[in-house]
Amino acid sequence: MKHFLDLSDAGGDAIAAMLNDAQDRKAARASWPKGKADADAPLAGHVLAMIFEKSSTRTRVSFDMAMRQLGGSAMVMDSGNMQLGRGETVADTARVLSRMVDAIMIRTDDHAKIEEMAKHATVPVINGLTDRSHPCQIVADLLTVIEQGKALPGLEIAWFGDGNNVLHSILEAASLMKFNVRIATPAGYEPEAEFVEMARKGGATVTLTQDAGEAADGADVIVTDTWVSMGQDHAHNKIAAMAPYQVNAALMARAKPDAKFLHCLPAHVGDEVSESVFEGSQSVVFDEAENRIHAQKSILLWCAGKL
Ligand code: CP
Ligand code: NVA
């Protein structure tokens, strides 16, 4: 069973294959209507069930469009309207859905829930974000970086702000795709040590600092995310601690002249990123958002054993 709970489930070679496939499929349908199926419709007849225990715009729409473009279809279920929301177990939900659909995508809080889902499902389970990681986002991010003409091995990616789920998946990707990560966070908001060690074990250089400028110096890619993730407290002291890590023009100026700015969105312009950077010529955030469709098509194909 090919579950996609984290990037390591696929490994570096499969991720490289996903990135190639995503580029090919994207190029082949450049000016087509967005809902038209790819010529080979490789997932014709397949249905994806999506469970959301947290809000989503991009993940929800991009998985639905990905399934349409692969010739299949998707259904969205908000957990509040499911028996899951009234206490039916994850295990029973996994076994029932496995009898009815071809794959399951779930966005939830506790990563243990998605592991439980995968344990009991007999169809692939895909992580659409947990408190721990966001692997689908990072396949789209890598695709976006490659489209900008940047090769992954040896790339210097710099992260600013909160050491969160998105950063964890960047670190996991660094271990698999051999790029380096500089991380600037306030004290106490570093990523989990397990992910830093994973990246280093894979051969990536990971720098942890409280000096935002130092992390930005000569970087190829500048990345940030919301200071307050879904399910977290909007604590005043956290926001205050994050202020020096805003990605603004002064910080961008310390990166390479051709550096790109990434943000998984939704953004809080004026907090983690200034308006001039978000709207500026180095920002590729809307390519990145579109690439969720193209990346997820390849993830779905890998899970279905077709890549
Ligand atoms: N980046 C991302 O996952 O967006 P949504 O929360 O809108 O799905
Ligand atoms: N870190 C953010 C990502 C949203 C796509 C969150 O978990 O809310």
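The values are calculated or read from the model by the stated rules, or taken from the named source; none is laboratory data. Just so you know, these numbers come straight off a predicted model, no measurement behind them. Backbone-built Cβ (ideal geometry, glycine too); neighbour counts: all protein chains shown.
Structure notes:
- Residue that is nearest to the chain's Cα centre (by Cα) [pool: residues in segment 39-90 that are within 16 Å of ligand 2 (Cβ to nearest atom) and basic (Lys, Arg)]: Arg58
- Residue in segment 226-245 that is touching a strand residue (DSSP E or B) at 6+ places or on another chain (Cβ under 8 Å), more than 16 Å from ligand 1 (Cβ to nearest atom) and at pLDDT 95 or above present: yes
- Candidates Ala44, Ala37, Ala30 - the one that is part of a loop (DSSP other than H, G, I, E, B), crowded, with 17+ Cβ neighbours inside 10 Å and away from ligand 1 (no atom under 15 Å from the Cβ): Ala37
- Of the criteria (1) in contact with a strand residue (DSSP E or B) (Cβ under 9 Å, 6 or more places away or on another chain); (2) within 16 Å of ligand 1 (Cβ to nearest atom), which one Ile104 fails: (2)
- Residue check for Ala295: under 30 Å from Leu70 (Cβ atoms), within 16 Å of ligand 1 (Cβ to nearest atom), small (Gly, Ala, Ser) and touching a Cys at 6+ places or on another chain (Cβ under 7 Å): yes
- Residues within segment 147-174 that are over 16 Å from Cys264 (Cβ atoms), surrounded by fewer than 24 Cβ atoms within 10 Å (Cβ to Cβ) and without any contact (Cβ under 8 Å) to a residue 40 or more places away in the chain, tallied: 5
- Among the candidates Ser98, Ser56, the residue that is within 16 Å of ligand 1 (Cβ to nearest atom), modelled with pLDDT of 95 or more and small (Gly, Ala, Ser) is uniquely Ser56.
- Listed conditions (1) assigned to a loop (DSSP other than H, G, I, E, B); (2) surrounded by 15 or more Cβ atoms within 10 Å (Cβ to Cβ) are all met by Gly231, apart from (2).
- The lone exception for Leu7 - which of (1) among the aliphatic types (A, V, I, L, M); (2) touching a strand residue (DSSP E or B) at 6+ places or on another chain (Cβ under 8 Å); (3) buried (at least 19 other Cβ atoms within 10 Å of the Cβ) it fails: (2)
- Listed by first and then second residue, the pairs with beta-carbon distance under 8 Å, at least 6 apart or on different chains, first residue in segment 52-65 and within 14 Å of Ala295 (Cα to Cα), second away from ligand 2 (no atom under 12 Å from the Cβ) and part of a loop (DSSP other than H, G, I, E, B), are Met65/Lys34; Met65/Gly35.
- Residue count for segment 96-115, restricted to those that are surrounded by 15 or more Cβ atoms within 10 Å (Cβ to Cβ) and among the small types (Gly, Ala, Ser): 2.
- Of the criteria (1) modelled with pLDDT under 95; (2) in contact with a Gly (Cβ under 7 Å, 6 or more places away or on another chain), which one Arg254 fails: (1)
- Tally, over segment 255-270, of residues that are away from ligand 1 (no atom under 16 Å from the Cβ) and more than 19 Å from Gln148 (Cβ to Cβ): 1
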